1. Just checking, does the stretch 198-206 include any residue being under 17 Å from the mean Cα position of the chain (by Cα), of a type in the set (A, V, I, L, M, F, W, C) and in the same structural domain as SER241 (by TED's automatic domain parsing)?
2. Test of understanding: among LEU81, LEU75, LEU147, which residue is buried (at least 22 other Cβ atoms within 10 Å of the Cβ), outside the structural domain of VAL224 (by TED's automatic domain parsing) and touching a residue at least 24 places away in the same chain (Cβ under 8 Å)?
3. Could you tell me which residue of the stretch 92-106 is surrounded by the most Cβ atoms within 10 Å (Cβ to Cβ), considering only residues that are in contact with a strand residue (DSSP E or B) (Cβ under 7 Å, 6 or more places away or on another chain) and part of a helix (DSSP H, G or I)?
4. Could you grab the pairs with beta carbons closer than 9 Å, sequence gap of 6+ or different chains, first residue in the stretch 206-230 and within 19 Å of ARG144 (Cβ to Cβ), second one of a type in the set (S, T, N, Q) and outside any helix (DSSP H, G or I)?
5. Can you confirm whether ARG123 is in a helix (DSSP H, G or I) and touching a residue at least 12 places away in the same chain (Cβ under 8 Å)?
6. Applying the selection to the stretch 72-85, what residues are under 16 Å from LEU175 (Cβ atoms) and more than 17 Å from the chain's Cα centre (by Cα)?
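The values are calculated or read from the model by the stated rules, or taken from the named source; none is laboratory data. Because the structure is a prediction, the values reported are computed rather than measured. Here the Cβ positions follow ideal geometry from the backbone for every residue, glycine too, while neighbour counts run over all protein chains shown.
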Amino acid sequence: MSARVDSDTPVTERGRTVDAATTGGGSRAAHGKKAQVAATAHRAAGGGRGRATAPGTPAAAGAPAAGAPVSERLLAAASRLFAEKGFALTSVQEIVEHAGVTKGAMYHYFSSKDDLLQQIYTRLLALQSVRLVAIADDTGRPVRERLHAAAADVVVSTIEHLDDAQVSWRSMHMLPPDRLAEVRGDRRRFHERFRMLIEQGQADGSLRSDVSADLVAHQFFGGVHHLGSWYHADGELTPESIGQAFADLLLRGLEGS
(Lines give C-alpha, C1' and ligand atoms only; values in the text may rest on other atoms or scores of the structure.)
Protein backbone atom coordinates (compact mmCIF):
# COMPACT_ATOMS: atom_id res chain seq x y z
CA MET A 1 0.00 0.00 0.00
CA SER A 2 1.33 3.44 -0.89
CA ALA A 3 2.33 5.72 1.96
CA ARG A 4 0.29 8.88 2.41
CA VAL A 5 1.44 12.26 3.65
CA ASP A 6 -1.30 14.67 4.66
CA SER A 7 -1.17 18.18 3.26
CA ASP A 8 -0.39 19.67 6.67
CA THR A 9 2.40 17.20 7.46
CA PRO A 10 5.96 18.45 6.82
CA VAL A 11 8.37 16.30 4.85
CA THR A 12 11.71 16.24 6.60
CA GLU A 13 15.02 16.12 4.78
CA ARG A 14 18.39 16.05 6.45
CA GLY A 15 19.11 19.51 7.75
CA ARG A 16 15.76 21.12 6.85
CA THR A 17 12.00 20.68 6.86
CA VAL A 18 9.93 21.05 3.69
CA ASP A 19 6.24 21.90 3.77
CA ALA A 20 4.41 19.00 2.17
CA ALA A 21 2.13 21.44 0.41
CA THR A 22 5.08 22.59 -1.65
CA THR A 23 6.07 19.05 -2.55
CA GLY A 24 2.73 17.67 -3.61
CA GLY A 25 1.46 17.05 -0.07
CA GLY A 26 -1.56 14.82 0.21
CA SER A 27 -0.61 12.78 -2.85
CA ARG A 28 0.10 9.12 -2.59
CA ALA A 29 3.47 7.61 -3.44
CA ALA A 30 1.91 6.10 -6.53
CA HIS A 31 0.92 9.56 -7.76
CA GLY A 32 4.47 10.78 -7.26
CA LYS A 33 5.71 7.73 -9.15
CA LYS A 34 3.62 8.63 -12.21
CA ALA A 35 4.87 12.19 -12.09
CA GLN A 36 8.47 11.00 -11.94
CA VAL A 37 8.01 8.78 -15.00
CA ALA A 38 6.31 11.60 -16.90
CA ALA A 39 9.12 13.99 -16.02
CA THR A 40 11.72 11.49 -17.17
CA ALA A 41 9.92 11.01 -20.46
CA HIS A 42 9.65 14.77 -20.94
CA ARG A 43 13.37 15.25 -20.38
CA ALA A 44 14.12 12.35 -22.70
CA ALA A 45 12.12 13.92 -25.49
CA GLY A 46 14.51 16.86 -25.34
CA GLY A 47 17.33 14.54 -26.25
CA GLY A 48 19.77 15.93 -23.71
CA ARG A 49 22.79 13.67 -23.32
CA GLY A 50 25.98 13.65 -21.35
CA ARG A 51 29.09 11.55 -21.54
CA ALA A 52 28.49 8.05 -20.30
CA THR A 53 30.11 6.80 -17.13
CA ALA A 54 30.65 3.40 -15.66
CA PRO A 55 30.52 2.13 -12.10
CA GLY A 56 33.60 3.20 -10.16
CA THR A 57 34.03 6.55 -11.91
CA PRO A 58 33.40 9.81 -10.03
CA ALA A 59 30.45 10.83 -12.22
CA ALA A 60 28.72 7.55 -11.46
CA ALA A 61 29.06 7.88 -7.71
CA GLY A 62 25.29 7.97 -7.31
CA ALA A 63 25.16 11.32 -5.52
CA PRO A 64 22.86 13.62 -7.51
CA ALA A 65 23.60 17.30 -7.83
CA ALA A 66 22.82 19.48 -4.83
CA GLY A 67 19.34 20.90 -5.10
CA ALA A 68 18.01 18.01 -7.19
CA PRO A 69 14.44 16.94 -6.38
CA VAL A 70 14.18 14.53 -3.47
CA SER A 71 12.74 11.77 -5.64
CA GLU A 72 15.66 11.98 -8.08
CA ARG A 73 18.18 11.93 -5.23
CA LEU A 74 16.56 8.81 -3.82
CA LEU A 75 16.49 7.05 -7.19
CA ALA A 76 20.12 7.95 -7.88
CA ALA A 77 21.21 6.73 -4.45
CA ALA A 78 19.25 3.50 -4.76
CA SER A 79 20.54 2.83 -8.26
CA ARG A 80 24.16 3.30 -7.20
CA LEU A 81 23.82 1.17 -4.08
CA PHE A 82 21.86 -1.59 -5.81
CA ALA A 83 24.52 -1.70 -8.53
CA GLU A 84 27.35 -1.83 -5.98
CA LYS A 85 25.92 -4.11 -3.29
CA GLY A 86 22.89 -5.75 -4.83
CA PHE A 87 19.22 -5.12 -4.11
CA ALA A 88 18.88 -7.65 -1.29
CA LEU A 89 21.93 -6.39 0.64
CA THR A 90 21.02 -2.70 0.47
CA SER A 91 18.93 -1.32 3.33
CA VAL A 92 16.46 1.55 3.25
CA GLN A 93 18.60 3.30 5.86
CA GLU A 94 21.62 3.21 3.55
CA ILE A 95 19.57 4.65 0.70
CA VAL A 96 18.25 7.61 2.67
CA GLU A 97 21.66 8.35 4.16
CA HIS A 98 23.23 8.30 0.69
CA ALA A 99 20.49 10.60 -0.61
CA GLY A 100 20.71 12.91 2.41
CA VAL A 101 17.05 12.58 3.40
CA THR A 102 15.03 10.82 6.10
CA LYS A 103 12.91 7.71 5.81
CA GLY A 104 9.82 9.87 6.14
CA ALA A 105 10.82 11.81 3.03
CA MET A 106 11.45 8.59 1.13
CA TYR A 107 8.08 7.12 2.01
CA HIS A 108 6.43 10.30 0.77
CA TYR A 109 7.62 9.44 -2.74
CA PHE A 110 8.10 5.66 -2.70
CA SER A 111 6.05 3.05 -0.90
CA SER A 112 8.92 0.56 -0.44
CA LYS A 113 12.33 -0.58 -1.61
CA ASP A 114 10.49 -2.63 -4.26
CA ASP A 115 8.95 0.60 -5.52
CA LEU A 116 12.41 2.14 -5.91
CA LEU A 117 13.64 -0.89 -7.84
CA GLN A 118 10.67 -0.79 -10.19
CA GLN A 119 11.07 2.94 -10.78
CA ILE A 120 14.77 2.56 -11.58
CA TYR A 121 13.74 0.31 -14.44
CA THR A 122 10.69 2.37 -15.41
CA ARG A 123 12.55 5.67 -15.76
CA LEU A 124 15.11 4.17 -18.14
CA LEU A 125 12.46 2.38 -20.17
CA ALA A 126 10.35 5.57 -20.33
CA LEU A 127 13.30 7.51 -21.66
CA GLN A 128 14.15 4.88 -24.26
CA SER A 129 10.50 4.47 -25.29
CA VAL A 130 10.06 8.18 -26.00
CA ARG A 131 13.16 8.21 -28.16
CA LEU A 132 12.20 5.00 -29.97
CA VAL A 133 8.73 6.25 -30.83
CA ALA A 134 10.12 9.56 -32.13
CA ILE A 135 12.56 7.72 -34.39
CA ALA A 136 10.13 5.02 -35.54
CA ASP A 137 7.38 7.53 -36.36
CA ASP A 138 9.65 9.66 -38.55
CA THR A 139 8.26 8.07 -41.71
CA GLY A 140 10.00 10.59 -43.92
CA ARG A 141 13.16 8.53 -43.45
CA PRO A 142 13.73 5.07 -44.94
CA VAL A 143 13.07 2.25 -42.50
CA ARG A 144 16.72 1.17 -42.65
CA GLU A 145 17.80 4.58 -41.39
CA ARG A 146 15.19 4.53 -38.63
CA LEU A 147 16.22 1.06 -37.49
CA HIS A 148 19.88 2.08 -37.46
CA ALA A 149 19.12 5.23 -35.46
CA ALA A 150 16.90 3.33 -33.03
CA ALA A 151 19.50 0.63 -32.43
CA ALA A 152 22.28 3.16 -31.84
CA ASP A 153 20.10 5.14 -29.44
CA VAL A 154 19.22 2.08 -27.35
CA VAL A 155 22.92 1.39 -26.87
CA VAL A 156 23.88 4.99 -26.08
CA SER A 157 21.02 5.53 -23.63
CA THR A 158 21.81 2.25 -21.91
CA ILE A 159 25.45 3.23 -21.41
CA GLU A 160 24.44 6.69 -20.21
CA HIS A 161 22.32 5.04 -17.50
CA LEU A 162 24.41 1.97 -16.90
CA ASP A 163 23.70 1.70 -13.17
CA ASP A 164 19.96 1.66 -13.86
CA ALA A 165 20.38 -0.89 -16.63
CA GLN A 166 22.56 -3.22 -14.57
CA VAL A 167 20.24 -3.07 -11.59
CA SER A 168 17.32 -3.92 -13.86
CA TRP A 169 19.03 -6.92 -15.44
CA ARG A 170 20.35 -8.31 -12.16
CA SER A 171 17.54 -7.64 -9.71
CA MET A 172 14.22 -7.26 -11.49
CA HIS A 173 13.35 -10.91 -10.84
CA MET A 174 13.27 -10.07 -7.12
CA LEU A 175 10.15 -7.94 -7.50
CA PRO A 176 6.82 -9.28 -6.21
CA PRO A 177 4.82 -11.10 -8.92
CA ASP A 178 2.41 -8.24 -9.62
CA ARG A 179 5.20 -5.68 -10.05
CA LEU A 180 7.27 -8.12 -12.11
CA ALA A 181 4.34 -8.73 -14.45
CA GLU A 182 3.94 -4.98 -14.95
CA VAL A 183 7.63 -4.53 -15.72
CA ARG A 184 7.66 -7.44 -18.16
CA GLY A 185 4.64 -6.02 -19.94
CA ASP A 186 6.34 -2.64 -20.38
CA ARG A 187 9.51 -4.28 -21.65
CA ARG A 188 7.58 -6.50 -24.06
CA ARG A 189 5.83 -3.48 -25.61
CA PHE A 190 9.17 -1.72 -26.05
CA HIS A 191 10.74 -4.74 -27.74
CA GLU A 192 7.68 -5.15 -29.97
CA ARG A 193 7.96 -1.54 -31.15
CA PHE A 194 11.60 -2.14 -32.05
CA ARG A 195 10.74 -5.41 -33.78
CA MET A 196 8.11 -3.63 -35.87
CA LEU A 197 10.85 -1.61 -37.56
CA ILE A 198 12.54 -4.85 -38.61
CA GLU A 199 9.25 -6.23 -39.90
CA GLN A 200 8.57 -3.06 -41.88
CA GLY A 201 11.94 -3.35 -43.59
CA GLN A 202 11.30 -6.99 -44.35
CA ALA A 203 7.88 -6.13 -45.79
CA ASP A 204 9.18 -3.45 -48.15
CA GLY A 205 12.15 -5.55 -49.26
CA SER A 206 14.87 -3.33 -47.79
CA LEU A 207 15.80 -5.99 -45.22
CA ARG A 208 16.18 -9.73 -45.68
CA SER A 209 13.05 -11.65 -44.77
CA ASP A 210 14.46 -15.16 -44.39
CA VAL A 211 15.18 -14.63 -40.68
CA SER A 212 12.72 -14.16 -37.84
CA ALA A 213 12.31 -10.55 -36.75
CA ASP A 214 11.82 -11.86 -33.20
CA LEU A 215 15.15 -13.69 -33.34
CA VAL A 216 16.92 -10.61 -34.68
CA ALA A 217 15.50 -8.43 -31.90
CA HIS A 218 16.40 -10.96 -29.19
CA GLN A 219 19.95 -11.22 -30.49
CA PHE A 220 20.38 -7.45 -30.56
CA PHE A 221 19.01 -6.87 -27.05
CA GLY A 222 21.10 -9.77 -25.75
CA GLY A 223 24.19 -7.83 -26.76
CA VAL A 224 22.85 -4.65 -25.16
CA HIS A 225 22.22 -6.48 -21.89
CA HIS A 226 25.89 -7.47 -21.67
CA LEU A 227 27.25 -3.93 -22.03
CA GLY A 228 27.75 -3.61 -18.29
CA SER A 229 30.05 -6.63 -18.20
CA TRP A 230 32.75 -4.98 -20.30
CA TYR A 231 32.13 -1.27 -20.85
CA HIS A 232 34.45 1.21 -19.10
CA ALA A 233 34.06 4.97 -19.35
CA ASP A 234 37.82 5.46 -19.45
CA GLY A 235 38.25 3.07 -22.37
CA GLU A 236 38.93 3.99 -25.99
CA LEU A 237 35.35 3.48 -27.20
CA THR A 238 32.77 6.21 -26.67
CA PRO A 239 29.08 5.44 -26.16
CA GLU A 240 28.36 6.87 -29.59
CA SER A 241 30.98 4.72 -31.34
CA ILE A 242 29.67 1.60 -29.61
CA GLY A 243 26.12 2.51 -30.61
CA GLN A 244 27.15 2.98 -34.23
CA ALA A 245 28.99 -0.35 -34.24
CA PHE A 246 26.01 -2.23 -32.80
CA ALA A 247 23.66 -0.61 -35.31
CA ASP A 248 26.02 -1.32 -38.22
CA LEU A 249 26.28 -4.97 -37.24
CA LEU A 250 22.49 -5.26 -36.95
CA LEU A 251 21.90 -3.78 -40.40
CA ARG A 252 24.66 -5.80 -42.06
CA GLY A 253 23.12 -8.97 -40.71
CA LEU A 254 19.84 -7.99 -42.37
CA GLU A 255 21.27 -7.19 -45.79
CA GLY A 256 20.04 -9.32 -48.64
CA SER A 257 22.38 -11.84 -50.22
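1. In the first step, residues of the stretch 198-206 are kept if they are under 17 Å from the mean Cα position of the chain (by Cα); the result is none.
No: zero hits.
2. LEU75
3. Per the stated criteria, the residue is ALA105.
4. Partner pairs satisfying both residue conditions: ARG208/SER257; ASP210/SER257.
5. Details: in a helix (DSSP H, G or I): yes; touching a residue at least 12 places away in the same chain (Cβ under 8 Å): yes.
Yes, satisfied.
6. None; the set is empty.
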